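Notes for the one structure printed next.
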Amino acid sequence: MTLTEALRERKRAPVDAEPFRVILACGFTPLHLSTFLAAHLQRRLPSRPVEVTCGLYGDLPGTLRESAAKNPGAVAVALEWADLDPRLGYRNLGGWGPAEQDDIVRQVESRLGSLRRVIEEVADAVPVAAAFPSLPLPPVFHTGSRQAGRAQARLNALAQQAACELSAHASISIASAQHLDLVSPPAERYDLQSDLFTGFPYKRAHASALGEALANLIAPAPPKKGLITDLDDTLWSGIVGEAGPEGVHWDLEHHAQIHGLYQQTLRALADEGVLIAVASKNDAAVVQRALARPDMILSPEKIFPLEVHWQAKSGSVARILKAWNIGAGDVVFVDDSPLELAEVERAFPGIHCLRFRPGDYASAEAFLTGLRDLFARKRISDEDALRRESLRSASEFQSRMAQQDAPEEFLRELNGSIAVNAQAAGDPRSLELVNKTNQFNLNGRRFDAAEWRALAASPGAFVWNAAYQDKFGSLGKIAVLAGKVREGKVLLESWVMSCRAFARGIENHCLALLYERTGAEEIIFCFRATDRNGPLQDFLARLLGRAPEAGARLERREFELRDLPLYHQVQWRES
Amino acid sequence: MNDIRARLTTCFATVFPALEAAEIPAATQKTVAAWDSVAAITLLNVIEEEFNTQIDFEALADLDSFDAIAAYLSDRVAAGNSGA
């Protein structure tokens, strides 16, 4: 992005929406880094005007200390060597001789320690995105630039150690130095003239790359949820229908290692909670034998569902999406055939299609890295690990439910239990569910961390989440309810439930608990129709006996008159 | 020269979005409140991108009006030092 493009991007910000505020903490003049950070964030958050504010020149710790009190949506930290010891910059003449080296190392160690503590304190309240020194060290060391002497190696180790320790914090994300090296060559980053004249040390291209890296951490693209893969010449090398189950390969010996690496990536994704399915035009029995081979890296139990037949792949994708109950926009489709990719893309314009190119070693590394990036997430939750199994059980539940003549009896026999955490504002899963659930969502409202904290801290506020399990297995934490209790009324501001939990009557139980636990006589629903919350609209329409509208109300006695069956045991937790 | 002034007007509009198009040709650092030191550097860098040229920081102090910048760019074009 050029500076001109960045400034024009800023002009596209909407004027009538709640701003997303970011504090940029750096010791140098922020100048274009601030512009590029704001522009890259604006691209990611087109519905909100992005505001980036900065602290005082040279006072990185002070900017950080004051940042949390300003309640921003995020804090971005751009750390450079000169922030750790001014002698590691070009604007200071404190000495580069052998007498200074040990002192510089001590100073850097001490400053990193105190900065680390300040950043962790900030991150206890606000998400922090941090980039560690991206500029080369100046010519301080007697070993010269070609050799990493003890002092230089020690400085790099100290910075890496601090980055490592900070990355363990749930609310701190660290920009990848490896990625930055790829997109912004280290030798092309520093601008001595700009540094000396203005205090801004970066060339514009590097400022853009660094701004983009920080923006990616603050507002990452939502990770894809599922991947649908072809088999022949994709998951393995060869055509299984011709070569037979033993004639396809994915190893070094048969020059098919790229397929093995692809399987290895899919296995890792599956273990991280990504849904993996197969869409293949093949003989199902032959495929089952190939998948059952003990040397398969992606074992068949990690695949659900399998669509193996001779029909169109768009039909297979449709059935897989239905089984997963997610939209095409959350899914990646991988195939070696441009024809199949085009057919699926035409049927599902939102799906992310990737072509697998067997034998193309030049593009394979970028393909695997790109695949990883599409599913990148800060942490893996317990729910991620449960997702595949809970989808299988949900699928089994739905199919059994459809066969029932007496569904109420069937639901009662599920032995379902709901575990409610009534202090769930600080559980990252709560905000995650609110911000990614579309179908059973009261109003589609998304929250940034600052807004979520503000909601939870307001008078009379409550934030609950609920986990569910029954004889088909655990679904993990599947619902969040948040709002305020005032004057005997619940103002329900956010209510979401995972689609995996539909049709079990959990939503009825949630409302019953709201009346019971808050003592409220009325619930006011902050409802808003969205393009995707049809299931929530249907539920409210049935409950209210009319089409829901903003501010719809339901009195306790009306709810009780409905006499809705409550099938589940409830475990209640207040802490 | 007309082409330079038209492209320079675009640069000014990018850096000073509150400035009316008609005000741009008469803009000076004294008459445009938003034209502070940060905006001056930003304007210089945007001009560098538009004209595919490098402007020395030392020249910044003299480039304090639309006309001065237009004249500077014309001189550079005449000397064959820019993409204008």
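To the nearest 10 degrees, how steep is helix A:534-544 against the longest Cα principal axis of chain A, on a 0 to 90 scale?
Tilt relative to chain A: about 50 degrees.
Relative to the longest principal Cα axis of chain A, at what angle does helix A:31-44 sit, 0 to 90 degrees, rounded to 10?
10
Please compute the average number of Cβ atoms from other chains found within 10 Å of each residue's Cβ in peptide B:37-46.
For this peptide, the per-residue mean of nearby foreign Cβ atoms is 4.
What shape does region A:446-548 take by its C-alpha gyration tensor, where a ≥ b ≥ c are the square roots of the eigenvalues and a/c under 1.5 counts as rounded, a/b above b/c as prolate, and the rest as oblate?
Rounded, since a/c falls under 1.5.
Calculated from DSSP H runs of 4 or more alone, at -39500 (n - 2.57) each and per residue, what is the 222 nm mean residue ellipticity of chain A, nearest 500?
Taking each H run of at least 4 residues, the total per residue is -13000 deg cm²/dmol.
Specify whether the C-alpha gyration tensor of region A:271-322 places it in the rounded, prolate or oblate class, a ≥ b ≥ c being the square roots of the eigenvalues: rounded for a/c under 1.5, otherwise prolate if a/b is larger than b/c and oblate if not.
Since a/c reaches 1.5 but b/c is at least a/b, the shape of region A:271-322 is classed as oblate.
Going by how many other beta carbons lie within 10 Å of each one, how would you line up A:322, A:489, fewest first?
A:322, A:489
Relative to 2.2 N^0.38 Å, what does the C-alpha radius of gyration of chain A come to as a ratio? Two decimals please.
This ratio for chain A stands at 1.11.
Which distance in Å, rounded to a whole number, links the C-alpha centroids of region A:278-354 and region B:1-46?
Each part reduced to its Cα centre gives a spacing of 55 Å.
Which Cα, out of A:299, A:247, A:36, lies furthest along the positive dipole direction of chain A (beta carbon charges, K/R +1, D/E -1)?
The listed residue farthest towards the positive side: A:36.
Quick one: helix A:150-167 against the long Cα principal axis of chain A, what's the angle to the nearest 10°, folded into 0 to 90?
That helix lies at roughly 20 degrees to the long axis.
So for A:464, A:572, A:310, fewest C-beta neighbours within 10 Å to most, what's the order?
A:310, A:572, A:464
Residues of A:256-262, mean number of Cβ from any other protein chain within 10 Å of their own Cβ, rounded to a whole number?
Rounded to a whole number, the mean comes out at 0.
With both bridge residues required to lie in the protein assembly as shown, what share of the DSSP beta bridges run antiparallel, to the nearest 5%?
The answer is about 40 percent antiparallel.
Assign unit charges at the C-beta atoms only (+1 for Lys and Arg, -1 for Asp and Glu), then state the dipole size of chain A relative to its Cα centre in Debye, rounded to the nearest 20.
1100
About the Cα centre of region B:29-82, what is the dipole size in debye to 20, counting +1 per Lys and Arg Cβ and -1 per Asp and Glu Cβ, all else neutral?
Result for region B:29-82 is approximately 100 debye, rounded to the nearest 20.
Once every DSSP H run of n ≥ 4 in chain B is given -39500 (n - 2.57) and the sum is divided by its residues, what mean residue ellipticity at 222 nm do you get, rounded to the nearest 500 deg cm²/dmol?
About -16000 deg cm²/dmol.
Which three extents, in whole angstrom, do the alpha-carbon atoms of region B:2-79 cover along their principal axes, largest first?
Extents along the principal axes, in whole Å: 32, 26, 18.
What's the local net charge at residue B:12, with K and R +1, D and E -1, over the other residues with C-beta under 11 Å away?
-1
Please work out the Cα center distance from region A:454-479 to region A:26-86, rounded to the nearest Å.
The distance from the Cα centre of region A:454-479 to that of region A:26-86 comes to 34 Å.
So what J values fall out for region A:260-277 if you push phi through Karplus, 6.51 cos²θ - 1.76 cosθ + 1.60 with θ = phi - 60°, rounded to Hz, Gly and Pro as x?
x, 5, 5, 4, 4, 5, 5, 5, 4, 4, 4, 5, 8, x, 6, 7, 10, 10
Mind ordering A:42-52, A:141-151 by average Cβ neighbours within 10 Å, highest first?
A:42-52, A:141-151
Give the average, rounded to an integer, of partner chain Cβ atoms located within 10 angstrom of each Cβ in A:193-199.
Whole-number average of other-chain Cβ neighbours for A:193-199 is 3.
FYI, it's all coordinate maths here, none of it is from the lab. Because the structure is a prediction, the values reported are computed rather than measured. Virtual Cβ from ideal backbone geometry, glycine too; neighbours counted across all protein chains shown.
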